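A short worksheet on the structure shown next.
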């Protein structure tokens with residue numbers, strides 16, 4: 001029974017599940033061509049463009065539990081646009097929380113710096129009063145004054161660094177807010193279109209380029225720096241080249257061109273005599289090579305026999 005009925009059915013179901021494309025089935029661009037009266041009369045209470053049917057990829061006990069929950073309480077998958085909108089909103093909220101915490105921490109730091117500055121100012125004032133009234137040492141008053149000046153300078157540097165950091169964070173916050181607004185607008189428009197209503201996002205919501213504000217134009221409104229007056233010029237003194245000695249390679253004597261001596265009859269006679277001498281030498285060496293050396297070897301052996309006898 002299992003091999004003949006249940007196993008082929010499960011294989012066919014798994015094959016159908018593998019061929020299903022969830023991104024297309026739950027896409028925000030889908031249109032309902034034919035719908036039942038119950039679905040048409042059902043009020044649209046959710047922004048998601050999903051149907052109330054049980055998803056095809058869920059099987060077994062999970063499918064039965066979803067069917068028991070009903071159409072309105074089912075957890076449905078979301079598309080890429082919904083994920084992008086959710087991520088943008090989370091980034092915007094996280095950035096807002098971080099900025100609030102940063103403002104609180106900086107306010108506490110500013111209060112501590114103000115308290116330290118007031119304390120050092122009072123200490124410096126008391127020290128100078130003692131110097132003037134009780135003839136105390138001026139070194140103590142100078143140290144207190146230097147401490148007050150150092151506290152003020154450190155506070156000013158910290159405030160400047162915080163302002164620079166706030167400027168960078170504001171730029172990032174504008175980009176994140178624009179992305180969150182645009183994705184939310186596209187998600188809302190997709191939900192409206194999925195419900196069968198015509199909707200077009202506004203240009204302000206889907207603004208990809210950051211809107212220029214008065215704060216951005218403030219640096220441009222500053223007066224332009226005036227050009228510095230031109231300094232009076234001074235005429236250059238006339239210049240004449242100095243006489244330089246001629247280079248050494250131009251002073252060398254001209255080399256006389258050598259020519260080959262023409263050949264004479266004496267040269268031809270000398271070459272003929274040299275050729276004859278070479279031929280005679282070759283003939284003599286050939287004759288010596290052809291002479292047998294057996295007699296000389298026999299004489300040597302005879303002398304050795306006589307010496308040994």
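Selection of the range 160-189 for residues being surrounded by 14 or more Cβ atoms within 10 Å (Cβ to Cβ) and either closer than 30 Å to residue 119 by Cα or touching a strand residue (DSSP E or B) at 6+ places or on another chain (Cβ under 7 Å) (or both) yields 162, 166.
Just one residue in the set 132, 146, 141 is farther than 20 Å from residue 166 by Cβ, assigned to a helix (DSSP H, G or I) and touching a helix residue (DSSP H, G or I) at 6+ places or on another chain (Cβ under 7 Å); that residue is 141.
Bear in mind that the values in this text are calculations on the coordinates, not laboratory data. Note that the coordinates shown come from a computational prediction; the quantities given were computed from them, not determined experimentally. For neighbour counting, all protein chains shown are included, and Cβ atoms are generated from backbone atoms with ideal geometry for every residue, glycine included.
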